[in-house]
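Taken together, the values in this text are just the output of simple stated rules run on the coordinates, not laboratory data. Keep in mind it's a predicted model, so treat the numbers as computed, not measured. FYI the Cβ positions are ideal-geometry reconstructions off the backbone, even for glycines, and counts take in every protein chain you see.
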Amino acid sequence: MSITEIANAIEGLPLARFVAQAPLVFPVVETVHVVAIAMVVGSIAVVDLRLLGLSWRGRPVTEVSEEVLPWTWGAFVIAVIAGALMFISAASKYATDLPFQLKLVLIALAGANMLIFHFLTYRDVEVWNQGQTPRAAKIAAGLSLVFWIGVVTCGRLVSFTTQDDFGPPSASLTPSAAATTAQG
């Protein structure tokens, strides 16, 4: 089974059709996704900027992380759910869209960066918690910022590279008027 066939099957699911066709559902889901991503990236940036020594230098890294990261994870879960709902509504468009594919790669790279940081560098945080942040932590923070800015950029580009024809057709347009309007 090809990616296109799988994507078409996903689009045929009742939930996918509901998201794509019900008035206001896609825009509401998209809004939730954008707000959640903003919270994810913003909260990650707080920790990354602390690791880089550009903000909250007087606060221990563990304290900043403990306060911020629960918000990050909560917002991430919401972003994933909303993103999945958006994806299923037009899976064939998203699956073949280069900015969307790059966005997923960047999310995977950000996740790998986070895992490497937490399993290698962060395990010794008590040694450097309030002192000099090690170079490895600064590199991880810099990469994190680059990856997440890339995620946001690619996410924004998706809207320019996929045709936005979500929602039911306008009731005020007849098929011939819709064709004339689409032509332009």
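Let's see if you can work this out: charge +1 on each Lys and Arg Cβ, -1 on each Asp and Glu Cβ, no other charges. What is the dipole magnitude of the chain about its Cα centre, in debye to the nearest 20? Walk me through the numbers before you get to the answer.
Details: 10 positive and 12 negative charges, 78 e Å.
The calculation lands at about 380 debye.
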Can you give me the Cα centroid spacing of the stretch 1-39 and the stretch 99-133 in angstrom? 29 Å
Taking R0 as 45 Å and r as the Cβ-Cβ distance between W71 and A9, the FRET efficiency 1/(1 + (r/R0)^6), rounded to the nearest 0.05, comes to 0.80
List the relative contact order of the stretch 3-161 as a percent without decimals, with contacts defined as Cα pairs under 8 Å and 6+ residues apart. 33 percent
Where in the chain are the DSSP H helices whose C-alpha atoms run 24 Å or more along the long axis and whose mean Kyte hydropathy is at least -0.5? 25-51, 61-89, 98-116, 135-161
